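Visitor: Quick one: this structure, given as structure tokens, is what I'll be asking you about.
The values are calculated or read from the model by the stated rules, or taken from the named source; none is laboratory data. Quick caveat: nothing in here was measured; it's all calculated off a predicted structure. Glycine gets a Cβ as well: all are built from the backbone with ideal geometry, and neighbour counts include every protein chain shown.
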Amino acid sequence: MNNNCPQVKVCGLTSVEEALGCADLGVNAIGCVFFPKSPRHLSEIQAKEISMALPSGVKTVGVFVNESFSNIMHKIEFCAINAVQLHGQESPELVSRLQKEKIIVIKALFAEGKPTIEEAKNYEASAFLVECGRGVLPGGNAIEWDWETVKSFGCKYPLILAGGLSPENISHAISGSMPDAVDVSSGVESAPGKKNLGKVKSFLKAVSMCKLKKNFRKIF
């Protein structure tokens with residue numbers, strides 16, 4: 001992906017083959033979900049195999065929900081993770097503590113849940129992932145929402161847009177919110193945890209065609 005458009009993270013990978021396929025297509029980051037209730041949950045061994053197989057330019061992001069510092073650090077070290085995404089009710093203190101470990105720390109905020117986007121000032125995060133917050137699971141639950149509501153937020157903070165994104169709507173979502181990166185999962189799947197590389201390719205193509213007058217921040 002070029003610097004004239006947002007970076008792309010594909011989340012919820014469960015196999016080396018699909019992770020490498022996404023990397024070959026040009027994604028910037030791969031998300032590994034460490035949340036047992038998620039249909040995209042994977043083991044430490046699976047995550048390590050993905051991390052070790054990816055080229056150096058593609059970051060591995062571990063996604064956690066209300067995990068302790070020690071558990072997160074164990075997975076970072078064992079799985080060779082480059083970044084963490086905290087998708088629960090984690091404290092500002094935990095975010096700051098992880099930042100001191102010299103890794104990328106992404107805190108999830110919610111347009112219709114807690115923590116809210118107004119609470120961003122409390123966190124010393126590398127970037128913020130914002131999505132709707134409706135649904136059963138902490139993730140986006142494939143729910144589309146009013147992405148334009150975070151455009152002003154992205155002017156102040158490094159912004160990753162998530163929730164209900166797909167090859168069909170990503171151009172609209174980007175033009176409305178102007179994020180520095182976008183995060184997609186179910187929108188490029190054939191089944192939970194199974195990525196459709198054809199959809200990933202279409203998604204990346206749509207993102208690359210968004211020629212916008214913005215100096216996009218590099219997050220991954």
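Visitor: Please find, among Lys218, Lys211, Lys121, the residue that is free of Cβ contacts under 8 Å to residues at least 12 places away in the same chain and either within 14 Å of Cys5 (Cβ to Cβ) or surrounded by fewer than 19 Cβ atoms within 10 Å (Cβ to Cβ) (or both).
Guide: Values: Lys218 fails: free of Cβ contacts under 8 Å to residues at least 12 places away in the same chain; Lys211 fails: free of Cβ contacts under 8 Å to residues at least 12 places away in the same chain.
So the residue among Lys218, Lys211, Lys121 that is free of Cβ contacts under 8 Å to residues at least 12 places away in the same chain and either within 14 Å of Cys5 (Cβ to Cβ) or surrounded by fewer than 19 Cβ atoms within 10 Å (Cβ to Cβ) (or both) is Lys121.
Visitor: Taking the condition of being assigned to a loop (DSSP other than H, G, I, E, B) and either closer than 14 Å to Phe35 by Cα or touching a residue at least 40 places away in the same chain (Cβ under 8 Å) (or both), how many residues in region 63-81 meet it? Spell out how you get there, then give the answer.
Guide: If we filter region 63-81 for residues that are assigned to a loop (DSSP other than H, G, I, E, B), which is where we start, we get 65-68, 80-81.
When the remaining residues are screened for being either closer than 14 Å to Phe35 by Cα or touching a residue at least 40 places away in the same chain (Cβ under 8 Å) (or both), the result is 65-68, 81.
Residues that pass the stated criteria total 5.
Visitor: Still on this structure, I have one more. Only residues that are at pLDDT 95 or above, surrounded by fewer than 19 Cβ atoms within 10 Å (Cβ to Cβ) and hydrophobic (A, V, I, L, M, F, W, C): list them for region 186-208, please.
Guide: Of everything in region 186-208, just one residue is at pLDDT 95 or above, surrounded by fewer than 19 Cβ atoms within 10 Å (Cβ to Cβ) and hydrophobic (A, V, I, L, M, F, W, C), namely Leu197.
Results for (1) of a type in the set (Val, Ile, Thr); (2) in a loop (DSSP other than H, G, I, E, B), shown as yes or no for each residue.
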site	(1), (2)
Pro39	no, yes
Glu49	no, no
Pro55	no, yes
Val61	yes, no
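Visitor: Restricting to region 183-220, name every residue that is within 18 Å of Ser15 (Cβ to Cβ) and among the acidic types (Asp, Glu).
Guide: Of everything in region 183-220, just one residue is within 18 Å of Ser15 (Cβ to Cβ) and among the acidic types (Asp, Glu), namely Glu189.
Visitor: Would region 131-139 turn up any residue that is modelled with pLDDT of 90 or more, closer than 23 Å to Phe64 by Cα and buried (at least 20 other Cβ atoms within 10 Å of the Cβ)?
Guide: So in region 131-139, the residues modelled with pLDDT of 90 or more come out as 131.
Imposing the further condition that a residue be closer than 23 Å to Phe64 by Cα reduces the set to 131.
Among the residues that remain, those that are also buried (at least 20 other Cβ atoms within 10 Å of the Cβ) are: 131.
There is at least one residue in region 131-139 that is modelled with pLDDT of 90 or more, closer than 23 Å to Phe64 by Cα and buried (at least 20 other Cβ atoms within 10 Å of the Cβ).
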